[in-house]
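Presented below is the structure to which this report refers.
Just so you know, all these numbers are worked out from the coordinates, no wet-lab data involved. Quick caveat: nothing in here was measured; it's all calculated off a predicted structure. Note: ideal-geometry Cβ built from the backbone for every residue, glycine included; neighbour counts use all protein chains shown.
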Amino acid sequence: IDSMNLMLKEVLKNEQSEPLFFYIHYDCREEPKTSEKVEEGINLISEYYDLDESIVILCSDHGYPDPSREISFMDRRKYGHDLVMTDDNVMIPLYISYPGCIPNAHSNMVSSTQIMPTILELADIKFEASAVTLIPSLLLV
């Protein structure tokens with residue numbers, strides 16, 4: 001995780017033309033300080049760009065079994081995250097912020113396949129009409 005923030009810092013130090021798109025993948029398995037490292041990355045970006053004028057999306061490809069379930073480290077390694085199908089493993093966090101966004105929290109079920117059409121809609125870029133965005137869900141208060 002530290003290497004991702006070091007690379008991010010190097011990219012940010014070099015002048016970038018706008019608009020700009022970052023995709024940052026933190027491999028955070030077994031990392032107890034994941035939240036702090038992601039926050040550090042966001043803070044790095046905010047040193048160079050106004051986050052209030054940016055589209056920011058945080059999500060995960062999958063969760064990780066809650067330690068209170070007492071699934072051993074060896075069983076997690078043996079079966080992998082694909083076979084441990086508990087809510088805490090398949091329900092992922094999703095955070096979206098964009099210019100004019102009204103802070104909101106909801107528990108609507110969405111799909112990660114809706115993220116790219118949402119980015120395109122927010123950036124006013126035309127895309128296939130059959131793609132479903134999250135914008136209607138985001139506007140629910």
ask   = Please report, for the Cα atoms of the chain, the Rg to one decimal and the Dmax as a whole number; what are they, in angstrom?
value = 17.3, 48
task = Among His106, His25, His62, determine the one that fluctuates most according to a GNM of the chain built with springs between C-alpha atoms less than 10 Å apart.
result = His106
query = Using a simple spin-label model with points 7 Å from Cα along the Cα→Cβ vector, what separation in nm is obtained for Asn14 and Tyr26?
reply = 2.4
key: Whichever aspartates and glutamates have a C-alpha closer than 17 Å to that of Lys33, once near sequence neighbours (fewer than 8 apart) are set aside   = Asp2, Asp66
remark   = FRET efficiency (Phe73, Met7; Cβ distance; R0 35 Å; to 0.05) is 0.75
inquiry  = Rounding to the nearest 10 and keeping the result within 0 to 90°, find how far the Cα-based axis of helix 73-83 lies from the longest principal axis of the chain.
reply    = 50
key: Folded to 0 to 90 degrees: helix 34-48 orientation relative to the chain principal axis, Cα   = 10
ask   = Label points 7 Å out from Cα along the Cβ direction at Thr86 and Ile55: separation in nm?
value = 3.5
